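Written below as structure tokens is the structure these notes are about.
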Amino acid sequence: MTSFIDSLVPQAVKKLIPYQSARRIGGDGRVWLNANELESTLFEAEPSYNRYPDFLPQDIAKAYQRYCATEAPTIAVRGADEAIDLLIRAFCKPDQDKILICSPTYAMYEFCADALAIETLDSPLQEDFSLNVADIVKKAELANIVFLCSPNNPTGNVIPKSDLTQVLERTVGKSLVVVDEAYIEFEPQTSAVSLIERYPHLVVIRTLSKAFGLAAVRCGFILASPNVMQYVSKLIPPYPMPDCSSQIVLEALSNERVAVMKQATAKLVEIRNQFAAELMQFDFIEHVYPSSTNFILLRQKSGHELFSVLMKDGIVTRNQNHEPALRNCVRISIGSQESMLEVITSLTRYQTELGQNQQSQHKETQPQLDKNHI
Ligand SMILES: *Cc1c(COP(=O)(O)O)cnc(C)c1O
């Protein structure tokens with residue numbers, strides 16, 4: 001039975017026969033001379049790295065399914081960024097098809113689309129950063145993939161399940177719906193993974209770069225129905241995951257390490273909430289947005305440049321001013337308690353300076369008044 005999902009796939013992708021790696025063709029060999037590898041290692045490491053990677057991604061995918069308590073087909077990729085690229089390539093024809101994003105959101109959806117000659121449509125978030133469901137549903141007619149991000153970067157909020165199911169119900173037969181859950185560990189009960197069974201056009205992408213703290217390892221995941229996955233797998237390169245990453249990932253997904261991650265996440269949430277409360281005390285901050293992530297988005301009152309204020313003290317944050325919907329906004333990642341204290345100290349110093357300037361302006365006017373008196 002073909003579904004609308006099949007109809008999204010470019011012919012070139014449908015025709016692809018996945019690349020056969022030397023290892024898979026090799027069978028039960030004894031002496032392996034078929035992949036132009038060096039037979040013995042020159043590099044002291046245990047285990048050695050002279051052979052192409054084993055088919056470890058399957059082991060990783062199994063470990064990740066266990067972590068998610070799901071049976072949904074899962075593949076490991078090199079970061080969520082590769083997941084975005086693979087999905088666009090598998091379901092959009094260059095110079096013809098479109099994706100839909102809900103700005104402000106993660107920049108890679110549009111970047112990958114641009115790189116592949118796919119047009120990006122936008123259904124901007126509403127003022128409270130919620131989805132405009134009716135508009136999304138309308139524009140989804142024109143798009144092959146709708147990219148949603150929950151919790152969203154850089155706004156920090158979660159898409160309520162009722163909004164997500166509405167989008168899913170009303171995009172059947174129109175487009176895939178990809179939910180980027182890079183920050184899901186900070187609000188795990190809101191995950192869409194359990195909806196994949198009911199909605200075969202739903203795709204979830206994940207990463208170990210955020211809560212798991214493994215950004216340098218480059219590991220992400222795609223979870224989706226078998227129908228979606230058959231096309232994505234065609235595009236997966238033969239040895240996607242370096243052995244050194246695989247080893248670390250398998251360890252990170254052990255029960256013991258997952259427990260460590262959960263504990264660290266709880267601690268980070270505590271630091272975040274305290275930091276947010278402290279930010280609200282400053283007069284020059286107009287709004288501190290609620291966050292379901294490991295960052296805080298704030299809006300400064302106009303006339304203040306907190307990004308530059310912090311930079312002068314060597315603290316690097318993300319200026320969001322370029323986004324029309326995020327004028328005067330700064331995004332601050334949550335680090336250690338010490339680092340957040342540094343931010344607060346820097347802003348307190350700025351506030352004191354502002355106060356002194358006001359006072360000195362006041363003083364300058366005093367003598368004039370006195371003169372007038374005389
Ligand atoms: C950080 C981030 C990613 C990238 O994850 P990698 O696995 O490091 O490629 C993807 N999506 C969102 C929303 C992110 O914030």
Show me 102-111, 342-351 ranked by packing, highest mean number of other Cβ atoms within 10 Å first.
102-111, 342-351
Using the Karplus equation 6.51 cos²θ - 1.76 cosθ + 1.60 (θ = phi - 60°), what ³J(HN,Hα) coupling, rounded to whole Hz, does each residue of segment 218-234 give in order, writing x for Gly and Pro?
6, 9, x, 9, 10, 10, 6, 5, x, 5, 5, 5, 4, 7, 4, 4, 4
For segment 50-97: span of alpha carbons on each principal axis (Å, largest first)
38, 35, 14
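Quick check on the chain: helices-only [θ] at 222 nm, where DSSP H runs of length 4 and up contribute -39,500 (n - 2.57) each and the sum goes over total residues. Nearest 500, please.
-13000 deg cm²/dmol, from helical runs alone.
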Scan around ASP122 for amide H atoms under 5 Å from its own, H built in the peptide plane at 1.01 Å from N, and keep only partners 5 or more places away or cross-chain.
ILE101
Out of all DSSP beta bridges with both ends in the chain, state the antiparallel percent to the nearest 5.
55 percent
Among LYS174, LYS161, LYS139, residue whose mean-square fluctuation peaks in a GNM of the chain (springs only between Cα atoms under 10 Å):
LYS161
As a quick test, which of the pairs LYS174/LYS234; LYS262/LYS301; LYS62/LYS174; LYS234/LYS262; LYS62/LYS234 have an alpha carbon distance above 29 angstrom in this structure?
LYS262/LYS301; LYS62/LYS174; LYS234/LYS262
Choose one answer from ASP85, ASP283, ASP243: the residue with the largest mean-square fluctuation in a GNM of the chain with alpha-carbon springs under 10 Å.
ASP283
By accessible area (1.4 Å), largest first, HIS322, HIS201 order as HIS322, HIS201
Let me know the whole percent of all Cα-Cα pairs from segment 13-95 that are separated by more than 21 Å.
54 percent
5 Å is the cut-off here: which amide hydrogens, built 1.01 Å from N in the peptide plane, fall below it relative to VAL203, excluding neighbours closer than 5 in sequence?
VAL177, VAL178, VAL179
In a solvent-free Debye calculation with one equal scatterer on each Cα, what is log10 I(q)/I(0) for segment 135-205 at q = 0.14, 0.16, 0.22 Å⁻¹, listed in the order of the q values?
-0.38, -0.50, -0.94
So how far, in whole Å, is the C-alpha centre of segment 153-173 from the one of segment 184-253?
19 Å
Longest principal axis of the chain (C-alpha) makes with the long axis of helix 243-252 (C-alpha) an angle, in degrees to the nearest 10, of 70 degrees
Karplus (6.51, -1.76, 1.60) ³J(HN,Hα), θ = phi - 60°, over segment 37-51, in Hz, Gly and Pro reported as x
8, 7, 6, 10, 7, 9, 10, 5, 7, 10, x, 7, 10, 6, 8
In order through segment 140-155: 3J(HN,Hα) via Karplus (6.51 cos²θ - 1.76 cosθ + 1.60), integer Hz, x for Gly, Pro:
4, 4, 9, 10, 8, 9, 9, 9, 10, 9, 8, x, 8, 9, x, 7
For the chain, take the longest principal axis of its alpha carbons; what is the angle in degrees between that and the long axis of helix 337-373, to the nearest 10 within 0 to 90?
30 degrees
Write down the radius of gyration of segment 182-313 and its Dmax, each obtained from C-alpha positions, in Å.
19.2, 56
Angle, helix 56-68 long axis vs. longest principal axis of the chain, Cα atoms, 0 to 90°, nearest 10?
50 degrees
Per residue, what volume in Å³ does the convex hull of the Cα atoms of the chain enclose?
188 Å³
Give the Kirkwood hydrodynamic radius (Å, one decimal) of segment 81-169, defined as one over the mean of 1/r across all pairs of different Cα atoms.
13.2 Å
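The values are calculated or read from the model by the stated rules, or taken from the named source; none is laboratory data. This one's a predicted model, so the numbers in the text were calculated from it and none came from an experiment. Positions of Cβ are generated from backbone atoms using ideal geometry, with glycine treated the same way; all protein chains shown enter the neighbour counts. Keep in mind that these areas ignore ligands, DNA and RNA; they rest on the heavy atoms of the full protein, side chains included. Shrake-Rupley method; radii C 1.70, N 1.55, O 1.52, S 1.80 Å.
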